[in-house]
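First comes the structure, then the notes that go with it.
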Amino acid sequence: MRYISTRGKAPELGFEDVLLTGLARDGGLYVPKTWPQLTAADLKRLSGLTYAETAFEICRLFTGDAFDDATLKTIMDEVYGSFDHTAVAPLKQLDANLWMMELFHGPTLAFKDYAMQVLGRMFDHVLAKRGEKVTIVGATSGDTGSAAIEACRDRDNIEIFIFFPEGRVSPVQQHQMTTVLAPNVHAIALEGTFDDCQDMVKALFNDADFRDRHNLSAVNSINWARILPQVVYYVTSALAVGATAERPVSFVVPTGNFGNIFAAYAAKQMGLPIDRLVVATNQNDILSRFLSSGEMKLEGVKPSISPSMDIQVSSNFERFLFDLYDRDGAAVTEVLTSFRESGSFAISQGMLEKARAVFDGYRTDEAGTKATIKAVYEETGEITDPHSAVSLGAARQARASGEIGTEMPLISLACAHAAKFPDAVEAATGIRPPLPARLADLLEREERMTVLANDFGIVSSHIAGIVAGKENAA
Ligand SMILES: *Cc1c(COP(=O)(O)O)cnc(C)c1O
């Protein structure tokens, strides 16, 4: 399998290089050159497999010669064997044709574990093979950082530095990062906002000397290896509800960076019987506005009770845009350059129809999110986190508009455990959701973090000092 950049100017790479490179050299994102196809016979065979076996079968279609079969199998067995539900991504039926897919059974209680855990092991394996080490730097507003730390802890060839805005992440999110005491994990509370954290990461990457000296790497969702393992749960859940070409399934995906829903799109391109893909947004609704008007227009980010979706520029949308423009990298470059300059762009009516042939978009505002948490609890007894509620809010709207018929199996993604956002859930239901038993003492565990000023010199010498100390000790 070869990968090409959405900007059309970077070299074609194999999986291993795509994994280590992340962002393409021309500023684009890597996508598979062709989509492997799953026939009806393949799907029938997959429907008899466990989650880890399915993950192996799907991922090996994309990983080329990066791993031998035994290694890839071991990675999947280790990762998904440690999740706290034997189905890994279980479905809960809410009404005759509506299911909620629970994607919070990994170590940090959000769906990012499903790919990040695989990514951490893939990195370590490839680095060991090459005799290299990397320094991973990342910014987080909460979920990504903890998932990345859990995935990279105790890995021999990785030092990981995660920046979060001091005092601006929830206590559960903070403790998930700061109570991991592994010597290669460095949680940094930056005196600033999430944007400052992101700018700091960009500044570290833009310092070519620093980047090369420390072999900097990133684990954000522009990395194709973050998307790939997410394809798996679309396959397992579609098969679980008995989807066939005659009776396809539709999905609703709470969307921020467009990574998760792009994995659904990939599954559809591979021949999985999927009809509609519904983009669920909160009050930061740039994507749902785009899908109704054809215009992508930036507005300021408005903080919400579903913070992991408080995003304006969805980095992975570029991967879909590349297909909309018939894989013309020059056209994608042009449209995104003008978007960066002017804050908006519009596609043609024909392209909008092409996009709408696959995607719908629905927005659920703050009041709607709270009302959905309450209504779902009263009607089904299920306690949902605000992100999952935004998804269910979109599911209801898609049904009410007739866009999704009531006879169509519909799966709405639950991307975080309610206990990660206890205040919003308690306000809507009167119930404070407890953490799972294995994390019950999380808030009492010993924390380790470094508070640093939002200053490039201070931050870069902090990192350099730690990495140099490790090298001297080795
Ligand atoms: C990251 C995240 C999202 C957004 O997913 P994208 O892949 O960025 O679209 C939604 N909900 C939760 C709980 C998340 O952690």
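The values are calculated or read from the model by the stated rules, or taken from the named source; none is laboratory data. This is a predicted model, so every value here is computed, not measured. As a convention, Cβ positions derive from the backbone with ideal geometry for all residues, glycine included, and neighbour counts pool all protein chains shown.
For this structure, a couple of remarks:
- Taking the stretch 380-392 as the range and being in contact with a Lys or Arg (Cβ under 9 Å, 6 or more places away or on another chain) and part of a loop (DSSP other than H, G, I, E, B) as the test, the residues that pass are Glu382, Asp385.
- The set of residues in the stretch 104-120 that are under 24 Å from Ser170 (Cα atoms) and in contact with a Lys or Arg (Cβ under 9 Å, 6 or more places away or on another chain) comprises Phe104, Gly106, Pro107, Thr108, Leu109, Ala110, Lys112, Ala115, Met116.
- Scan of the stretch 304-335 for residues that are over 19 Å from the mean Cα position of the chain (by Cα) and in a loop (DSSP other than H, G, I, E, B), ordered by number: Tyr325, Asp326, Arg327, Asp328
- Being away from the ligand (no atom under 16 Å from the Cβ), hydroxyl-bearing (Ser, Thr, Tyr) and surrounded by 23 or more Cβ atoms within 10 Å (Cβ to Cβ) is a property that does not hold for Thr140.
- The listed residues are Leu435, Leu443, and the only one of them that is in a helix (DSSP H, G or I), within 25 Å of Lys112 (Cα to Cα) and not β-branched (Val, Ile, Thr) turns out to be Leu443.
- Just one of the listed residues (Ser293, Ser217, Ser221, Ser288) is surrounded by 21 or more Cβ atoms within 10 Å (Cβ to Cβ) and more than 16 Å from the ligand (Cβ to nearest atom), and it is Ser217.
- Set Tyr377, Tyr362: member being at pLDDT 95 or above and either touching a His at 6+ places or on another chain (Cβ under 9 Å) or outside any helix (DSSP H, G or I) (or both): Tyr362
- Where Val79 falls short, out of the listed (1) in contact with a Leu (Cβ under 9 Å, 6 or more places away or on another chain); (2) surrounded by 22 or more Cβ atoms within 10 Å (Cβ to Cβ): (1)
- Listed conditions (1) within 22 Å of the chain's Cα centre (by Cα); (2) in a helix (DSSP H, G or I) are all met by Ser338, apart from (1).
- When the residues of the stretch 345-359 are filtered to those that are of a type in the set (A, V, I, L, M) and assigned to a helix (DSSP H, G or I), the one that is nearest to Thr255 (Cα to Cα) is Ala355.
- Given (1) over 18 Å from the mean Cα position of the chain (by Cα); (2) of a type outside the set (A, V, I, L, M, F, W, C); (3) within 14 Å of the ligand (Cβ to nearest atom), index of the condition Asp124 fails: (3)
- Residue tally, condition assigned to a loop (DSSP other than H, G, I, E, B) and either modelled with pLDDT under 95 or crowded, with 20+ Cβ neighbours inside 10 Å (or both), over the stretch 12-37: 8
- Listing of strands (runs of 3 or more DSSP E) fully contained in the stretch 84-154 that carry 3 or more residues being in contact with a Leu (Cβ under 6 Å, 6 or more places away or on another chain) and at pLDDT 95 or above: 98-102
- Only one of the numbered conditions (1) within 16 Å of the ligand (Cβ to nearest atom); (2) in contact (Cβ under 8 Å) with a residue 24 or more places away in the chain is not met by Ser344, and that is (1).
- The residue that is farthest from the ligand (Cβ to nearest atom), among those in the stretch 190-214 that are buried (at least 17 other Cβ atoms within 10 Å of the Cβ) and assigned to a loop (DSSP other than H, G, I, E, B), is His214.
Matching residues to (1) more than 16 Å from the ligand (Cβ to nearest atom); (2) of a type in the set (Gly, Ala, Ser); (3) surrounded by fewer than 24 Cβ atoms within 10 Å (Cβ to Cβ); (4) under 25 Å from the mean Cα position of the chain (by Cα):
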residue: Thr372; (1), (2), (3), (4): no, no, yes, yes
residue: Arg396; (1), (2), (3), (4): yes, no, yes, yes
residue: Gly402; (1), (2), (3), (4): yes, yes, yes, no
residue: Ile411; (1), (2), (3), (4): no, no, no, yes
residue: Thr429; (1), (2), (3), (4): yes, no, yes, no
residue: Leu452; (1), (2), (3), (4): yes, no, yes, no
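- Among the residues of the stretch 235-271, those identified as among the hydroxyl-bearing types (Ser, Thr, Tyr) and within 13 Å of the ligand (Cβ to nearest atom) are Thr255, Tyr265.
- The single condition from (1) over 14 Å from Leu19 (Cα atoms); (2) touching a residue at least 24 places away in the same chain (Cβ under 8 Å) that Pro90 fails is (2).
- Taking the criterion of being closer than 18 Å to Ile311 by Cα and not charged (D, E, K, R), the residues of the stretch 345-400 that qualify are Phe345, Gly361, Tyr362, Thr364, Thr369, Pro386, His387, Ser388, Ala389, Val390, Ser391, Ala394.
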